[in-house]
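None of the figures in this text is laboratory data; all of them are computed from the coordinates on show. It should be emphasised that the depicted structure is a prediction, and the values quoted were computed from it without experimental measurement. Every residue, glycine as well, gets a Cβ built from its backbone with ideal geometry; the counts of neighbours run over all protein chains shown.
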Amino acid sequence: MFGDVKSVAVVGASPKEGKAGNIILKNFIKRFKGKIFAVNPKYKEVLGVPCFPTVKDISEDIDLVVIAVPAEKVPKVVKDASEKGVKYAIIISAGFSEVGRKDLEEEILKYKGDMKIIGPNGLGVYDPYSGIDTFFIEESRVPRPPKGNIAILSQSGAIALALMEWLALHNIGVSIIVSYGNKIDLDEVDFLKMLKEDKNTKYIFMYLEGLKPGRGKEFIKIAKELYKEGKRIIALKAGKSRRGKVAVSSHTASMAGEYEVYKFAFKQAHIIEAKNMEEMLIYLKTLSYFG
């Protein structure tokens with residue numbers, strides 16, 4: 001899905017073990033075949049990778065920036081990356097609308113220009129085909145699944161991690177896993193459109209907390225198109241109960257829609273609904289056998 005990414009800059013890269021910027025940079029060194037740059041004004045190099053004070057100080061073109069710095073610093077990084085002509089930004093940092101700082105998200109959107117943003121407040125992307133891995137949990141703690149044809153979309157980082165570990169332990173391959181957090185820019189509809197064009201994806205599993213207002217019709221439309229092309233979507237809707245809706249809303253500042261509306265939309269769009277996580281795992285295991 002991110003096959004056009006040939007260069008990456010990790011903003012907040014660190015030589016300190018256990019730091020998000022350290023783990024993410026190690027992930028790229030291990031898997032990514034393109035050019036890798038580190039960004040941190042404290043260092044000249046990190047883990048053998050050339051390090052620069054800002055994204056703008058890198059003389060070469062950058063396709064993707066991965067941002068792992070405190071929330072207050074993110075808008076400036078986004079501004080620099082946008083002005084440099086970066087295509088994608090994955091914002092790992094937390095501390096935005098989920099804690100009442102929607103103003104920082106608005107500032108990011110003001111600066112982003114044509115750049116496409118995943119996040120903030122998510123784990124980002126694990127794509128075994130392109131070598132992108134922004135999940136800042138050591139592989140010794142959460143193993144990575146091999147290449148396959150199953151895509152996972154989850155607003156919740158905890159669910160994405162749990163599925164990643166389960167898939168790896170059962171040796172079930174994935175085309176991509178996306179944990180997109182507060183989805184201030186790219187959302188489920190955008191990811192489904194991207195997956196429609198992705199030759200590596202046959203099945204799409206979604207842990208859906210709630211669509212953005214006004215995105216329902218587009219969601220159904222793209223889901224129908226995927227169905228016609230033989231790509232199946234399996235969705236688990238979070239926040240079905242009143243208590244669940246409160247939990248989901250407080251978690252990522254999303255509005256969890258009325259379950260009955262989603263249930264109807266799933267039927268309209270030929271989306272298979274998993275009633276709970278156990279059922280989701282059964283679908284995953286079953287479909288993995290069919291290749």
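Determine the sum of side-chain charges near I234: Lys and Arg each +1, Asp and Glu each -1, restricted to other residues whose C-beta is under 15 angstrom from that of I234.
Working: positive: K202, K231, R232, K237, K263, K267, K275, K285; negative: E188, E273, E278, E279.
Cβ neighbours under 15 Å give a net charge of +4.
Please report the spacing between the Cα centers of segment 3-37 and segment 74-148 in Å, no decimals.
With segment 3-37 and segment 74-148 each reduced to a Cα centre, they are spaced 13 Å.
For a footprinting-style exposure proxy, rank E138, E105 by other Cβ within 10 Å, fewest first.
On the way: E138 13, E105 24.
Fewest-to-most Cβ neighbours within 10 Å comes out as E138, E105.
I184's amide H: which non-local residues (gap 5+, or another chain) put their own amide H closer than 5 Å, with H modeled 1.01 Å from N in plane and none for Pro or chain starts?
Residues meeting the criterion, in which the H sits 1.01 Å from N, are G119.
Which Cα, out of H170, L153, L195, lies furthest along the positive dipole direction of segment 152-204 (beta carbon charges, K/R +1, D/E -1)?
H170
For I233, I272, which order do you get if you count the other beta carbons within 10 Å of each Cβ and list the fewest first? Display every interim value, and only then the final one.
Values: I233 22, I272 14.
The order, fewest Cβ neighbours first, is I272, I233.
Taking the Cα atoms only, what angle lies between the long axis of helix 277-290 and the longest principal axis of the chain, rounded to 10 degrees?
Helix 277-290 sits roughly 90 degrees off the main axis of the chain.
Cut-off is 10 Å between beta-carbons; in what order do I62, I108 appear when sorted fewest neighbours first?
Working: I62 22, I108 27.
Ordered from fewest to most neighbouring Cβ atoms within 10 Å, I62, I108 come out as I62, I108.
If the elastic network links every pair of Cα atoms under 10 Å, which of P213, P120, P128 fluctuates the most in the Gaussian network model of the chain?
Judging by the Gaussian network model, the answer is P213.
Give the long-range amide H neighbours of I132: residues separated by 5 or more places, or on another chain, with amide H under 5 Å away, using H modelled in the peptide plane at 1.01 Å from N.
D127
Over the C-alpha atoms of segment 146-191, what are the Rg and the largest Cα-to-Cα span, Dmax, in Å?
11.1, 33
Between L287, G210, M115, whose Cα lies farthest towards the positive end of the dipole of the chain when Lys and Arg beta carbons carry +1 and Asp and Glu beta carbons carry -1, centred on the Cα centre?
L287
Kindly write out, for segment 120-136 in residue order, the coupling ³J(HN,Hα) from the Karplus curve 6.51 cos²θ - 1.76 cosθ + 1.60 (θ = phi - 60°), rounded to whole Hz, with x marking Gly and Pro.
x, 6, x, 8, x, 10, 10, 10, x, 7, 8, x, 7, 8, 9, 6, 8
Pick out, from I58, V46, I234, the residue whose Cα sits farthest towards the positive end of the charge dipole of the chain, with +1 on the Cβ of Lys and Arg and -1 on the Cβ of Asp and Glu.
Towards the positive end, the residue furthest out is I234.
Can you list the residues, at least 5 places off or on another chain, whose amide H is less than 5 Å from the amide H of A9, using H built in the peptide plane?
The list, which skips near neighbours in sequence, is F37, L64, V65, V66.
Ordered by residue, what ³J(HN,Hα) values in Hz, to whole numbers, does segment 225-239 give under the Karplus form 6.51 cos²θ - 1.76 cosθ + 1.60, where θ = phi - 60° and Gly and Pro are x?
Along segment 225-239, the couplings run 5, 5, 4, 4, 8, x, 9, 9, 10, 10, 10, 10, 8, 7, x Hz.
Specify, per residue and in Å³, the volume enclosed by the convex hull of the alpha carbon atoms belonging to segment 142-291. Provide the component values of the computation, followed by the final result.
Numbers: hull volume 15.4 nm³, N = 150.
For segment 142-291, the hull spanned by Cα atoms encloses 102 Å³ per residue.
Place a +1 charge on the Cβ of each Lys and Arg in segment 22-133 and a -1 charge on the Cβ of each Asp and Glu, then give the dipole magnitude about the Cα centre in debye, rounded to the nearest 20. Intermediate results must be reported in sequence, preceding the final value.
On the way: 18 positive and 16 negative charges, 57 e Å.
Dipole about the Cα centre, nearest 20: 280 debye.
Place a +1 charge on the Cβ of each Lys and Arg in the chain and a -1 charge on the Cβ of each Asp and Glu, then give the dipole magnitude about the Cα centre in debye, rounded to the nearest 20.
Numbers: 46 positive and 36 negative charges, 88 e Å.
Here the chain has a charge dipole of around 420 debye.
Explain nothing, just compute: Karplus ³J(HN,Hα) = 6.51 cos²θ - 1.76 cosθ + 1.60, θ = phi - 60°, for every residue of segment 105-119 in order, whole Hz, x for Gly and Pro.
Result, ordered by residue: 5, 5, 5, 4, 5, 5, 9, 5, x, 8, 5, 9, 10, 10, x Hz.
Taking trypsin sites (Lys or Arg not before Pro) as candidate sites, keep only those in a DSSP loop with at most 10 other Cβ atoms within 10 Å, then name the longest stretch of the chain containing none of them. Please list the in-between numbers first.
On the way: sites that count: K16, K33, K42, K44, R141, K199, K275.
Here the longest segment lacking exposed loop sites spans 45-140.
Taking the Cα atoms only, what angle lies between the long axis of helix 242-252 and the longest principal axis of the chain, rounded to 10 degrees?
Once rounded, one gets 20 degrees.
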